[in-house]
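Q: The structure follows.
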Amino acid sequence: MRLAAEVARLREVWEKRTVEMASVCMEIEQLRRATVSELRAKYFDLFGQPSRSNHKQFLFRRVAWRLQALAYGELSEQVRQQALALAQDADLRIKAPRHLVGTSQQVLQPTLKSRRKPGRDERLPEPGSILRREFKGQIVVVQVLEHGFQYQDRFYRSLSAIARQVTGTHWNGYAFFGRKTSDGGSH
């Protein structure tokens with residue numbers, strides 16, 4: 001008899017819990033379509049203070065978490081104590097161990113070497129050379145200088161700037177003038 005009564009009680013608790021879970025899930029699904037102002041109002045109802053955030057995803061997550069915590073219960077005191085003990089035992093560091101980082105001299109050295117070789121870009125002809133290209137019936141003539149380019153009696157620092165001037169839109173200068181790319185292919 002006692003067993004049957006216990007089974008009936010557990011079945012009743014389970015059914016009630018299932019209805020609560022479905023209700024919370026439905027409410028959370030409705031929150032997905034809520035506006036920021038509706039989420040802020042719900043946040044105020046649940047937390048008793050206004051949210052300082054207007055970020056929709058943040059508000060949704062906080063409100064959904066709070067609804068679940070109220071429906072299913074928050075963390076038990078035992079679990080909270082375990083989490084606190086783990087956090088206190090954690091070996092937190094402000095700096096990485098020296099053997100992983102290296103000496104102070106090594107730390108100050110750049111870690112990524114530039115793929116570009118020092119000196120003049122190999123895609124450019126020698127200073128004094130002329131680059132020619134036709135664009136929409138117009139012949140574009142550019143003189144290569146030591147530190148830039150000359151086009152229509154004006155100085156430009158890059159071929160891209162000249163290509164933009166000619167076309168009115170952004171172009172890669174090397175591609176516009178048919179120069180080889182940095183990987184060796186041509187345009």
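The values are calculated or read from the model by the stated rules, or taken from the named source; none is laboratory data. Remember, predicted model here, so these are calculated numbers, not experimental data. All Cβ positions, even for glycine, are placed from backbone atoms using ideal geometry, and neighbour counts span all protein chains on display.
Q: Given the residues 150, 105, 143, which is the only one that is at pLDDT below 90 and not in a loop (DSSP other than H, G, I, E, B)? It would help to see each step written out before you state the result.
A: Numbers: 150 fails: at pLDDT below 90; 143 fails: at pLDDT below 90.
After ruling out the rest, the residue left standing is 105.
Q: Only residues that are of a type in the set (Gly, Ala, Ser) and farther than 17 Å from residue 179 by Cα: list them for the range 122-167, please.
A: 137 - this is the single residue of the range 122-167 that is of a type in the set (Gly, Ala, Ser) and farther than 17 Å from residue 179 by Cα.
Q: Can you pull out the helices (runs of 4 or more DSSP H) entirely within the range 1-82 that have at least 2 residues that are loosely packed, with under 13 Cβ neighbours inside 10 Å and more than 32 Å from the chain's Cα centre (by Cα)?
A: Result: 2-32, 56-72.
Q: Identify the residue in the range 133-175 that is within 18 Å of residue 120 (Cβ to Cβ) and among the hydroxyl-bearing types (Ser, Thr, Tyr) and, among all such residues, is surrounded by the fewest Cβ atoms within 10 Å (Cβ to Cβ).
A: 158
Q: Next question. Enumerate the pairs (first residue in the range 2-15 and at pLDDT below 70; second residue anywhere and loosely packed, with under 10 Cβ neighbours inside 10 Å and not aromatic (Phe, Trp, Tyr)) with beta-carbon separation below 7 Å, excluding pairs fewer than 6 apart on the same chain, so at least 6 apart or on different chains.
A: From the range 2-15, no pairs qualify.
Q: Run residue 62 past the list (1) at positive phi; (2) in contact (Cβ under 8 Å) with a residue 12 or more places away in the chain and report the number of the one that doesn't hold.
A: Of the numbered conditions (1) at positive phi; (2) in contact (Cβ under 8 Å) with a residue 12 or more places away in the chain, the odd one out for residue 62 is (1).
Q: Are there any pairs, at least 6 apart or on different chains, whose C-beta atoms fall under 8 Å, with the first in the range 26-53 and hydroxyl-bearing (Ser, Thr, Tyr) and the second surrounded by 15 or more Cβ atoms within 10 Å (Cβ to Cβ) and not in a helix (DSSP H, G or I), and if so, which?
A: Listed pairs, sorted by first residue: 43/51.
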